[in-house]
């Protein structure tokens, strides 16, 4: 990650890309969010079948909106944290 950040910094300094280009972590996060929205909204997407089922619980509280309406899978350990779908489902669920 440090090498990619250094490369992007050199590109900005040399004028190969715009100086307001976000850092690598932000670029990756935006890409993850775009991919997740495509998976959720497209039922024919190849990864759509790997999503957990939609939740059946009806919230009667006025809480903040979630980015998805899926059931939260059981957190099984640090290896599951590397899985894209599990990582993005648990994103911002504090």
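Of the residues in segment 54-65, at least one is surrounded by 12 or more Cβ atoms within 10 Å (Cβ to Cβ) and at pLDDT below 90. Of all residues in segment 36-53, at least one satisfies being touching a helix residue (DSSP H, G or I) at 6+ places or on another chain (Cβ under 6 Å), more than 16 Å from residue 87 (Cβ to Cβ) and either surrounded by fewer than 13 Cβ atoms within 10 Å (Cβ to Cβ) or at pLDDT below 90 (or both).
The values are calculated or read from the model by the stated rules, or taken from the named source; none is laboratory data. Keep in mind the model is a prediction, meaning the values are calculated, not measured. Note that we place each Cβ from the backbone using ideal geometry, even for glycine, and neighbour counts take in every protein chain shown.
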